[in-house]
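Structure first, commentary second.
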Amino acid sequence: MKICVILGTRPEIIKMAPVIDEINRRSHELLLIHTGQHYDKEMSDNFFLDLELPKPNYNIHVGSGSHGKQTALMMDGIEDVLISEKPDIVLVQGDTNAVLAGALVAQKLHIPVGHVEAGLRSFDVSMPEEINRMGADCCSHLYFVPTEESAINLALEGYLPKDIFITGNSVVDTCFRNLKIAENSSTIIDDLNLDNLNNIITFTMHRAENVDDKQRLQSIIGALMELKDFNIIFPIHPRTKKTLENFGLYKKFESLPHIHITKPIGYLDFLVLISKSIIILTDSGGLQEEAITLNVPALTLRYNTERPETVTAGGNILVGSDKDYILETANKILNNEEFYNNMKNAKNPYGDGNSAVQILDIIEQSYNNGDLSISSPDNIMTRFNVKMHNIDEDITVSDFEKKYNTTVRLVYKDDKMVFPVEDLNIKDSTVLYNDYSIK
Ligand code: UD1
Ligand code: UDP
C-alpha cells in the first residue's frame, strides 16, 4: 500500500510519529507531505529529530498567513502531489488547517481519507479548529476516534458506525514510547537550575481566543504573576511571544524570578518537564491528553473543551481566563493533598498506547477487503428509513444486524447513549437502526 501522511504543525508531527513508525515497520510505502505551516526549527525540525522521523517527501512551505490563504495554498500544493503520487489512502490528524485542506483535496480526487483523532467536538464554531474538524470529518472514509464520546459525536451527526473505530489517542503511544528514552537523555531539569523541583507548573498558551485578546491575556498573565509559590516554566509559542510583546506585557512578565520563559522545547525534554510538573496550565489540546496520561493535574485556560473525557474523569478543570479561579485552583492543588491526589489519579480515557497498531490493522483490513475506494451507494433510500425499537432479545449488535438485515446507528442503554460496537449486547436497550428490507 502507498500511504500518504499529511502534517504541518507541531502536534501533528508528535501524534503522527507512531503511525509513521508503524507504516514503516510494516513496509508500506510512505508518502510524507509537510504543509510548512510550522517552519521554525523549534516548532518542526526538532520534532523530526527527537522522534527519529524520516524527512518529508514534499514540503509545501505555506508559512504563516490568514486562514483562507494558508488553507488555499495547502490545497493547491497537496493536490499536485496527490495527482502525481496516487496514494491508496491519505491520513490526516486532528484539527489544524492541514486536516481540512488534505481531507478536502483527497476526497475530491476520490482518494479515501483516514482521519486520526476524528469526532472531537467543542461545539464552539468560533474556533477555527472546530470548523476544521467538522469539515475533515465530512470528507473522510475511516474515522479513528480516541474515545466512545467522540464516536457518539459522529454517530449523532449521521456517520455510519461501521466506518468509526475507537482506537485511543496516538499521543499516548508517543508519550509511552518516549518517556523512558527522554528520562535517560534529557538534562532539562538540571539545565533549568530551579530552587525547588516540587512546585513546577508547565504553562503553555497559543489559542487565538486567549493570546489575541488583550483583556484575557492580561487576566491569565496576572494570575501567573501572583503564583509566586510555584516555579512556572513557559516554553513560549511564537504567536504568543509576538502578541505579548505587541501588547507591552512581555518585559514585566519575563522579569519575575518565578517565571522562566524558554523557546519551544523539543519533545523529549518537554516530556520530562511535564512529567515532573505538579500542574499543567494550558490551552493546548494535546497537553490536556498528555497531562492525564502522565498523571499530572491539568488546568485548562478555556471555557469549553473538545476533550470532555478529561474533565469527567477528574483530571482536568476548565479555569477559563478567570484570574481568581486560576489562583484558587492552583493553590488548592499545592496545598490540599486529597484534591491533588484525586486529580492526579484520574483514569486516562485515551487508551493504552496501542493506537497506531490498531489504525494500521484497520487500514490493512479495509484495503484487503477492497473497501478503500469511494463510489456512489447502491441504495440511498435505506438511509431515509431510520427506525427505533426496544429490544428484549438477548443479542449482540452484530447478530442483530445479520438476523434483521439492518445497520444499528446508536443504542440507548440505562438512559445513556452507547456506541454500537459489534459485540455489545443490546438486550433491554432502545436501538436506532436502518432497515434494509425497504427498497
Ligand atoms: C496552529 C493550529 C492550531 C494548533 C497549533 C499548534 C490552525 C488553524 N491552527 O495554530 O490548531 O493548535 O498550530 O501549535 O491550523 N509562527 C512562527 N513560526 C512558526 C509558526 C508560526 O513564528 O514556525 C507564528 C507566526 O507569526 C504565525 C503565528 O505564529 O502567524 C500563528 O501560527 P499559525 O500556524 O497560523 O497558527 P498557530 O497559532 O500555530
Ligand atoms: N510541546 C512540546 N514542546 C513545547 C510545547 C509543547 O513538545 O514547548 C508538545 C506537547 O507535548 C504536545 C504538543 O506539543 O504534544 C502540543 O502542541 P500545541 O500545544 O502547539 O498544539 P495543540 O495540541 O493545542 O494543537
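The values are calculated or read from the model by the stated rules, or taken from the named source; none is laboratory data. Predicted, not measured: the structure shown is a model, and the values here were computed from it. Because the Cβ atoms are built from the backbone with ideal geometry, glycine has one as well, and the counts that use them run over all protein chains shown. With ligands, DNA and RNA removed, areas are computed over all heavy atoms of the protein, side chains included. Shrake-Rupley method; radii C 1.70, N 1.55, O 1.52, S 1.80 Å.
Quick check on P56: is it open to solvent by 30 Å² or more (accessible area, probe 1.4 Å) and in contact with a Leu (Cβ under 9 Å, 6 or more places away or on another chain)?
On the way: open to solvent by 30 Å² or more (accessible area, probe 1.4 Å): yes; in contact with a Leu (Cβ under 9 Å, 6 or more places away or on another chain): yes.
Spelling it out, P56 is indeed open to solvent by 30 Å² or more (accessible area, probe 1.4 Å) and in contact with a Leu (Cβ under 9 Å, 6 or more places away or on another chain).
For segment 128-140, how many residues are within 12 Å of ligand 1 (Cβ to nearest atom) and either in a loop (DSSP other than H, G, I, E, B) or within 26 Å of Q358 (Cα to Cα) (or both)?
Adding up the residues that qualify gives 6.
Condition first: buried (at least 20 other Cβ atoms within 10 Å of the Cβ) and either out of contact with any helix residue (DSSP H, G or I) (no Cβ under 7 Å at 6 or more places or on another chain) or closer than 22 Å to K413 by Cβ (or both). Now tell me which residues in segment 122-140 satisfy that.
Matches in segment 122-140: E129, R133.
When residues of segment 226-242 are filtered for being in contact with a helix residue (DSSP H, G or I) (Cβ under 9 Å, 6 or more places away or on another chain) and either open to solvent by less than 20 Å² (accessible area, probe 1.4 Å) or more than 15 Å from M205 (Cα to Cα) (or both), how many remain?
Result for segment 226-242: 11.
Quick check on segment 153-173. Is at least one of its residues open to solvent by 30 Å² or more (accessible area, probe 1.4 Å), away from ligand 1 (no atom under 16 Å from the Cβ) and in contact with a Pro (Cβ under 6 Å, 6 or more places away or on another chain)?
no
Looking only at segment 72-88, count how many residues are β-branched (V, I, T) and either open to solvent by 60 Å² or more (accessible area, probe 1.4 Å) or within 16 Å of ligand 2 (Cβ to nearest atom) (or both).
From segment 72-88, those β-branched (V, I, T) are 78, 81, 83; that's our starting set.
From the residues that got through so far, the ones that are either open to solvent by 60 Å² or more (accessible area, probe 1.4 Å) or within 16 Å of ligand 2 (Cβ to nearest atom) (or both) too are 83.
Qualifying residue count for the region: 1.
Being of a type in the set (K, R), under 21 Å from M43 (Cα atoms) and modelled with pLDDT of 95 or more: is that true of R239 here?
Yes.
Working only within segment 193-214, note down all residues that are part of a helix (DSSP H, G or I), without any contact (Cβ under 8 Å) to a residue 60 or more places away in the chain and farther than 21 Å from K263 by Cα.
Once the filter is applied, which keeps residues that are part of a helix (DSSP H, G or I), without any contact (Cβ under 8 Å) to a residue 60 or more places away in the chain and farther than 21 Å from K263 by Cα, segment 193-214 yields only K214.
Pairs only if they're at least six apart or on different chains, beta carbon under 7 angstrom, first in segment 7-18 and among the hydrophobic types (A, V, I, L, M, F, W, C) and within 11 Å of ligand 1 (Cβ to nearest atom), second open to solvent by 10 Å² or more (accessible area, probe 1.4 Å) and part of a helix (DSSP H, G or I); list them, first residue then second.
I13/F48; I14/G286
Sort through D173, D195, D190 and tell me the only one that's at negative phi and within 16 Å of ligand 2 (Cβ to nearest atom).
Unique residue meeting the criteria: D173.
Among the residues of segment 249-262, is there at least one that is open to solvent by 20 Å² or more (accessible area, probe 1.4 Å), of a type in the set (V, I, T), free of Cβ contacts under 8 Å to residues at least 60 places away in the same chain and more than 10 Å from ligand 2 (Cβ to nearest atom)?
Yes.
Tell me, which helices (runs of 4 or more DSSP H) lie completely within segment 40-127 with 1 or more residues that are free of Cβ contacts under 8 Å to residues at least 40 places away in the same chain and over 26 Å from K263 (Cβ atoms)?
Numbers: elements: 45-50, 67-85, 97-108.
Hits in segment 40-127: 67-85, 97-108.
Only residues that are out of contact with any Gly (no Cβ under 8 Å at 6 or more places or on another chain) and under 12 Å from L31 (Cα atoms): list them for segment 2-19, please.
K2, I3, C4, V5, L7
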